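Participant: I have a structure here, written as structure tokens, and I will follow up with some questions on it.
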Amino acid sequence: MENQSNNKQPEFKLAQYPELAGRVAVVTGAARGMGACFAAGLASQGVHVIGVDINEDELKAAFAKSQTADGKTQGGTLTAMRGDVTASESLVNIADEAVKRFGRLDMWVSNAGVFPQSEIGSVTAEQVRQTFGVNVDGVFFGAQAAADVMQPGGVIVNMASVAAFRVRRGRAIYSATKAAVHNLTRSLAVELGDKGIRVNALAPGFIDTEMTNWVREIPGAMDKALASIPLGHIGTPEHVLGALLFLVSDSASYVSGQTLGVDGGSRHG
Ligand SMILES: NC(=O)c1ccc[n+]([C@@H]2O[C@H](COP(=O)([O-])OP(=O)(O)OC[C@H]3O[C@@H](n4cnc5c(N)ncnc54)[C@H](O)[C@@H]3O)[C@@H](O)[C@H]2O)c1
């Protein structure tokens with residue numbers, strides 16, 4: 001395998017936020033990657049998590065694994081629900097289900113995303129519709145469904161990307177969707193601020209998930225990616241979880257309308 005680290009990686013430790021215990025969260029795209037890590041990480045803080053994914057079998061398997069892993073769900077719970085974020089009625093049902101089961105909805109994490117790569121001449125209309133459908137419609141209608149049932153103090157976190165700010169060949173549509181998420185987050189924060197709901201976004205850089213596995217298959221791609229990361233190593237889902245926990249915690253109660261980079265500095269690399 002190619003070099004994955006130019007620098008020695010510093011220690012990483014997650015903070016604890018005891019105030020989160022007993023709160024209720026929805027995480028979309030929770031079957032694998034960052035979504036699965038967010039769901040397990042929130043549950044380990046005592047949160048009741050409803051995980052949503054289009055891939056129900058993988059979602060149930062991921063949650064079963066987290067539930068049996070030692071210390072993963074102290075006090076929190078993980079509930080798997082099939083859902084497609086491109087269908088707004090599916091998101092409304094999920095928000096209603098959270099309130100029906102747990103009496104409240106405190107956090108909505110719009111994490112589900114797709115990452116097609118095609119040079120402009122080969123992008124199809126179907127790819128454009130699908131990518132905007134998941135990455136943008138899913139975020140907007142998720143926020144709409146959540147805000148409808150949330151009380152003041154509710155928090156929405158959307159998944160943007162370093163791609164919102166930095167373009168690369170083959171990623172025109174993906175980058176456009178993530179720039180839209182960055183922008184939507186600001187508008188949602190302005191309008192939902194009236195209801196006491198905070199809205200922020202995360203903008204990860206290169207995170208080690210199945211979405212980025214292709215980098216390992218192309219000779220030289222990993223070294224090229226590393227060269228654009230000032231900290232010199234790729235990120236893990238746990239690095240992004242650390243930022244998510246801060247954003248949903250009471251420590252961030254005056255933070256809204258922000259897109260927080262978790263990218264080893266690569267937005268500027
Ligand atoms: N991995 C990275 O380097 C990286 C960097 C920046 C941003 N992101 C963003 O972070 C998010 C998570 O990325 P990941 O790397 O964990 O991806 P992943 O591909 O490992 O997981 C994405 C999950 O979303 C689910 N999903 C896709 N379409 C859906 C739909 N219509 N309805 C419900 N669920 C759906 C998939 O089934 C999958 O479980 C995405 O929004 C992605 O664009 C990833």
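The values are calculated or read from the model by the stated rules, or taken from the named source; none is laboratory data. This is a predicted model, so every value here is computed, not measured. Positions of Cβ are generated from backbone atoms using ideal geometry, with glycine treated the same way; all protein chains shown enter the neighbour counts. These accessible areas exclude ligands, DNA and RNA; they are computed on the full protein's heavy atoms, side chains included. Shrake-Rupley method; radii C 1.70, N 1.55, O 1.52, S 1.80 Å.
Participant: In Å², and per residue, what accessible area does the range 21-259 have when probed at 1.4 Å with the other protein chains present? Walk me through the numbers on the way to the answer.
Facilitator: Working: 10270 Å² over 239 residues.
Spelled out: the 1.4 Å probe surface of the range 21-259, per residue, equals 43 Å².
Participant: What FRET efficiency would be calculated for the residue pair residue 9, residue 120, taking the C-beta separation as r and a Förster radius of 30 Å, to the nearest 0.05?
Facilitator: 0.25
Participant: Further question on the same structure: When we measure straight from the Cα of residue 100, which aspartates and glutamates land under 15 angstrom away, once same-chain ones fewer than 8 places off are left out?
Facilitator: Qualifying aspartates and glutamates at Cα under 15 Å: 148.
Participant: I'd like to compare 22-33, 157-168, 178-189: which one has the highest average count of other Cβ atoms within 10 Å, and what's the full order after that?
Facilitator: Numbers: 22-33: 24.9, 157-168: 22.0, 178-189: 20.1.
Ranked by mean Cβ neighbours within 10 Å, highest first: 22-33, 157-168, 178-189.
Participant: Continuing with the same structure: If one computes the Cα centroid of the range 210-269 and of the range 127-164, what distance in Å separates the two points?
Facilitator: After rounding, the separation between the Cα centres reads 19 Å.
Participant: Quick check: at a probe of 1.4 Å, how many percent of the accessible area of the range 111-233 sits on carbon and sulfur atoms? Spell out each step's value before the answer.
Facilitator: On the way: 3140 of 5640 Å².
Roughly 56 percent of what the probe reaches on the range 111-233 is carbon or sulfur.
Participant: Right, next: With θ set to phi - 60° and the Karplus curve 6.51 cos²θ - 1.76 cosθ + 1.60, what are the ³J(HN,Hα) couplings of the range 130-138 in order, to the nearest whole Hz, using x for Gly and Pro?
Facilitator: 5, 5, 5, x, 6, 6, 10, 4, x
Participant: Further, regarding this structure: On C-alpha positions alone, give me the angle between the axis of helix 56-68 and the longest principal axis of the chain, in degrees, nearest 10.
Facilitator: 80
Participant: Quick one: Debye curve from the alpha-carbon atoms of the chain only, equal weights, vacuum; give me log10 I(q)/I(0) at q = 0.11, 0.12, 0.13, 0.14 Å⁻¹ to two decimals.
Facilitator: The calculated log intensity ratios at q = 0.11, 0.12, 0.13, 0.14 Å⁻¹ are -0.58, -0.69, -0.82, -0.96.
Participant: Okay, next question. Using only Cα atoms, tell me the angle between helix 88-102 and the longest principal axis of the chain; keep it within 0 to 90° and round to the nearest 10.
Facilitator: Once rounded, the angle reads 50 degrees.
Participant: By DSSP, what percent of the beta bridges with both residues in the chain are antiparallel, rounded to the nearest 5? Kindly include the intermediate steps, with their values, before the conclusion.
Facilitator: On the way: 1 of 29 bridges.
Approximately 5 percent, going by the DSSP bridge assignments.
Participant: If each residue of separation counts as 0.36 nm, what is the full-extension length gain between residue 190 and residue 253 once their alpha-carbon separation is subtracted? Before the final figure, lay out the partial values.
Facilitator: On the way: separation 63, 0.36 × 63 = 22.68 nm, distance 1.49 nm.
Gain in length upon complete extension: 21.2 nm.
Participant: Under a point-charge model restricted to the Cβ atoms of Lys and Arg (+1) and Asp and Glu (-1), what is the dipole moment magnitude of the chain relative to its Cα centre, in debye to the nearest 20? Kindly include the intermediate steps, with their values, before the conclusion.
Facilitator: Details: 23 positive and 26 negative charges, 92 e Å.
For the chain, the charge dipole is close to 440 debye.
Participant: Mind listing the Cα extents of the range 74-175 along all three principal axes, in Å, largest one first?
Facilitator: Sorted largest first, the three principal extents are 49, 26, 24 Å.
Participant: Between the helical axis of 237-248 and the dominant principal axis of the chain, each derived from Cα atoms, what acute angle in degrees is found, rounded to the nearest 10?
Facilitator: Taking the Cα atoms of the chain, the angle to 237-248 is about 40 degrees.
Participant: Then there is this: For residue 60, go through the aspartates and glutamates and keep the ones whose alpha-carbon is under 20 Å away, minus same-chain ones fewer than eight residues off.
Facilitator: 70, 84, 97, 210
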